[in-house]
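Quick notes on the structure that follows.
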Amino acid sequence: MALLITSECINCDMCLPECPNTAIFEGKKFYEIDANRCTECVGFYPEPTCVAVCPINCIIPDPAHPEEQTQLLEKFQQLNIISN
Ligand code: SF4
Ligand code: SF4
């Protein structure tokens, strides 16, 4: 499933440059993740890199976007085709 940034975010900008899918953006109050672009880093890294760099652990699974590993891989492939 795509990940979600909670309102605890302190807008530190650690995660945004690390996202390989450019899924993270500055929202009105705190950083947000575009669920259509987040693959949980499937296709790039073994673990979500934004979670690894976030100093306050405010990035969590988004229950509104349940996805299996195969669906995340398909999303990665579609994004990769579009961007290449
Ligand atoms: S899990 Fe990966 S793809 Fe999703 S927002 Fe975080 S860094 Fe980007
Ligand atoms: S790393 Fe965490 S606290 Fe920093 S901007 Fe990203 S989500 Fe917010």
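The values are calculated or read from the model by the stated rules, or taken from the named source; none is laboratory data. Worth saying up front: this structure is predicted, and the values here are computed from it rather than measured. Glycine gets a Cβ as well: all are built from the backbone with ideal geometry, and neighbour counts include every protein chain shown. Accessible surface areas use protein heavy atoms only, side chains included; no ligands, DNA or RNA. Shrake-Rupley method; radii C 1.70, N 1.55, O 1.52, S 1.80 Å.
The table that follows gives values for the structure above.
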item	result
Mean separation of Cα contacts under 8 Å, 6 or more apart, over the residue count of the range 3-83: relative contact order %	35 percent
Trypsin sites (Lys or Arg not before Pro) lying in DSSP loop within the chain, provided at most 11 other Cβ fall within 10 Å	28, 29
Heavy-atom surface of the range 3-83, accessible at 1.4 Å and reported per residue (Å²)	64 Å²
On Cα atoms only, tilt of 69-83 relative to the major axis of the chain in degrees	90 degrees
Percent carbon-and-sulfur accessible area, the chain, ignoring ligands, DNA and RNA, probe 1.4 Å	54 percent
